[in-house]
Amino acid sequence: MSQSVDELVGANAEYQAGFVTQIESETLPPGLDPDVVRFISAKKNEPQWLTDWRLQAYALWREMPEPVWAHVHFPPVEFDKISYYSAPKSQADGPQSLEEVDPELLRTYEKLGIPLHEQEALAGVVKSNPNVAVDAVFDSVSIATTFRDKLAEAGVIFCPISEAVHSHPELVRKYLGSVVPQRDNFYAALNSAVFSDGSFVYIPKGVRCPMELSTYFRINERNTGQFERTLIVADEGSHVSYLEGCTAPMRDENQLHAAVVELVALGDAEIKYSTVQNWYPGDENGKGGIYNFVTKRGLCGGPRAKISWTQVETGSAITWKYPSVILRGDHSVGEFYSVALTNNVQQADTGTKMIHLGNNTKSTIISKGISTGRSQNTYRGLVRFSPTANHARNFTQCDSLLIGDTCGAHTFPYIENKQPNAVVEHEATTSKVSDDQLFACQQRGIDPEKAVSMIVNGFCKEVFRELPMEFAVEAGKLLEVSLEGAVG
Amino acid sequence: MSILNISNLHAEVAGQPILKGLSLQVNAGEVHAIMGPNGSGKSTLANVLAGRPGYQVTSGSVTFQDMDIADQEAHERAVAGIFLAFQYPVEIPGVSNMEFLKAALESHAHAKGGNQPNAAGIIKQARELAKSLDLNPEFLKRGVNEGFSGGEKKRNEILQMLLLEPTLAVLDETDSGLDIDALQVVANGVNKFRSQDNAVILVTHYQRLLDHIQPDFVHVLADGKIVQSGDKTLALELEEKGYAWLT
């Protein structure tokens, strides 16, 4: 006799990216105080204004309470046991070219399948990935950036933010914290104080970025939090598509990841930001795994600007993440497409905020939550229409899929409307992969694992359609891997 | 040539004995009708043959093409050639009929070690079958049974049967809920399917299906056992007298 759905959701998929790179690191002792903040700033040789900005954020953070409203449960994070800076030692002076990059690092990226080595990337041109530039962040230091020359030709700036602070101080100073201020929330304040590295992108007026930009983040060092700061500015009439992928090695301890991503789209500009998040989720009993407490927000600063977030979240022990859009420019557009899959004892509280300020602004939210094992999966969204947002519209669709009967799906949609002529639509469904559906597939010869994967992929179709091609394939595979384990 | 041999089969659902010593021999080229009152075990028999989880064989044996299938999972039986047309076909939203048919055909091809079928060929074949069953070929793009009427769902089952070409097709009350026209279409599909190489088991309440599909044998199931077997005239007799005289 074959298994029922309930029997299929027991074990965990083996985490495929769970290797640790043996490499000598320069790591600060655990704990956070103003001296640590100054150390980080000095290490990066930052100008005084940035050191002050960090210290200001630190002071704010000290006064702020941790948010407790999310539908997630975990023992308190011991912030003084975290090390706030880690850099591979052999890279202390910063690599000047790929040849100087520690081969061990390159092998790590090879295992992850990132075409970091320029030769490989170029070889990849023929095969699959002709138009992706990669900025890889290994713990706290961005070690190499490919394709920079080709981008420079188009006037696109794509570099580690620590470098942009020196090479383009006016841009960084103008936009850093302009969308996510230091005091925004507890984790954003922490990030502002200690952010390590991340990507900086600037697309000049009227330029269509000639390739997809991509960053792979990876947390390697034990007990280090990772605090990236990403800032993308699309000047008037420009266009960029940015891909972000995340993995982390298997560790028994929980690791904190508190990133901040800020997007600025000026008039007629468009930013498409896609994430495939596959941080280590912990084992089947919830030991280890990443706490992914991330603040992502975009500002449609001018008329007809457009920001589109697409995320596929399958990893992390706990996810706390609400990529949002502030629709300030008239006729601007915000989109949020999300697939969040939780298995075993994972907890996800994710969704979006669409803040309508401008006239005729429009937002779309499509959220697909899949829960299995004993996991808890929450959609939390806010759609707000201010009195200034005449004839604004929102469409929200929120679907939950349950596999088995020991998991949970929760939906908290908030709508705040202060503009009577706004149009709001909200649709929501909750469904279950039933034993009957599984048997119907099996009776036609389809094995249970494939059947579950087919049903889940069908459920996510609307979101996968939004992903760039290479990512869509990766996301499909990732889902299959996560579910294959579920069907153990 | 024997296709199915059921010998003294006992089976239970949720600890409740339903089949109590059922025996049946089905050979290639034959159509068997299984009739009987509600609760006699007709649908249980169909589900036991397909290996549905929750249907527990407690004793007796089922051999399919001379192979004991007791330990085979449902999908293994399916690729071996056992097909069940469901009494209540389920909806699978988001998975298009085309994807579903392709996955099913691929699984069958994989099990037989043959070449993977090509998508264009499947589409062409499925569209032709759809037309022959009075289904709008556009249905291929829609979710499996999503928003289908009862009749469309049943016709979709027949389409799958014709596409997968099983050795043994078990139709579980495929006639229920069909109007006369749909019944005729479904019957035509089954008649088209019949050959000297396969066999059909029709589970039905009503004689009317047997006006359109001529069975070689009619069996009456009561309280988990076959209590009477005969040719198609038995069905007419049942129509007239009901089941009471047999039990």
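The values are calculated or read from the model by the stated rules, or taken from the named source; none is laboratory data. Note that the structure is a prediction, hence the values are computed from the model and not measured. When we count neighbours, we look across all protein chains shown, and the Cβ atoms used for this are built from the backbone with ideal geometry, even at glycine. Each accessible area value is taken on the protein alone, full model and side chains, heavy atoms only, with ligands, DNA and RNA left out. Shrake-Rupley method; radii C 1.70, N 1.55, O 1.52, S 1.80 Å.
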Being assigned to a strand (DSSP E or B), open to solvent by 10 Å² or more (accessible area, probe 1.4 Å) and in contact with a Phe, Trp or Tyr (Cβ under 8 Å, 6 or more places away or on another chain) is the requirement here; does A:THR364 meet it? yes
Members of the range B:185-236 found to be more than 26 Å from B:GLY150 (Cα to Cα) and assigned to a helix (DSSP H, G or I), listed by number: B:LYS232, B:THR233, B:LEU234, B:LEU236
Could you please give the count of residues in the range B:126-140 that are open to solvent by 40 Å² or more (accessible area, probe 1.4 Å), part of a helix (DSSP H, G or I) and modelled with pLDDT under 90? 1
Out of (1) modelled with pLDDT of 90 or more; (2) out of contact with any helix residue (DSSP H, G or I) (no Cβ under 7 Å at 6 or more places or on another chain); (3) assigned to a strand (DSSP E or B); (4) open to solvent by less than 10 Å² (accessible area, probe 1.4 Å), the one A:ALA348 does not meet is (1)
Does the range A:375-393 contain any residue that is open to solvent by less than 10 Å² (accessible area, probe 1.4 Å) and either closer than 22 Å to A:SER238 by Cα or in contact with a helix residue (DSSP H, G or I) (Cβ under 6 Å, 6 or more places away or on another chain) (or both)? no
Reported set for the range B:155-193 where residues are charged (D, E, K, R), touching a residue at least 60 places away in the same chain (Cβ under 8 Å) and away from chain A (no Cβ under 14 Å) is B:GLU173, B:LYS192
Mind checking whether some residue in the range B:28-38 is more than 19 Å from the chain's Cα centre (by Cα) and open to solvent by less than 40 Å² (accessible area, probe 1.4 Å)? no
Which of the residues that make up the range A:419-476 are within 14 Å of chain B (Cβ to nearest Cβ), under 26 Å from A:LYS362 (Cβ atoms) and assigned to a helix (DSSP H, G or I)? A:PHE459, A:CYS460, A:LYS461, A:GLU462, A:VAL463, A:PHE464
Residue check, B:GLY189 open to solvent by less than 80 Å² (accessible area, probe 1.4 Å), under 16 Å from the mean Cα position of the chain (by Cα) and modelled with pLDDT under 95: yes
Close pairs (6 angstrom Cβ cut-off, 6 or more residues apart or separate chains): under 14 Å from A:LYS321 (Cα atoms) in the range A:179-195, of a type in the set (Lys, Arg) anywhere: A:VAL180/A:ARG297
Would you check if there is a residue in the range B:80-94 being open to solvent by 40 Å² or more (accessible area, probe 1.4 Å) and of a type in the set (Ser, Thr, Tyr)? yes
Could you tell me whether B:THR44 is open to solvent by 30 Å² or more (accessible area, probe 1.4 Å), among the hydroxyl-bearing types (Ser, Thr, Tyr) and in contact with a strand residue (DSSP E or B) (Cβ under 8 Å, 6 or more places away or on another chain)? no
Residue among B:ALA74, B:ALA120, B:ALA109 that is buried (at least 17 other Cβ atoms within 10 Å of the Cβ) and of a type in the set (A, V, I, L, M): B:ALA74
Considering only residues that are outside any loop (DSSP other than H, G, I, E, B) and in contact with a His (Cβ under 8 Å, 6 or more places away or on another chain), look in the range B:153-184 and name the one that is surrounded by the fewest Cβ atoms within 10 Å (Cβ to Cβ). B:GLN184
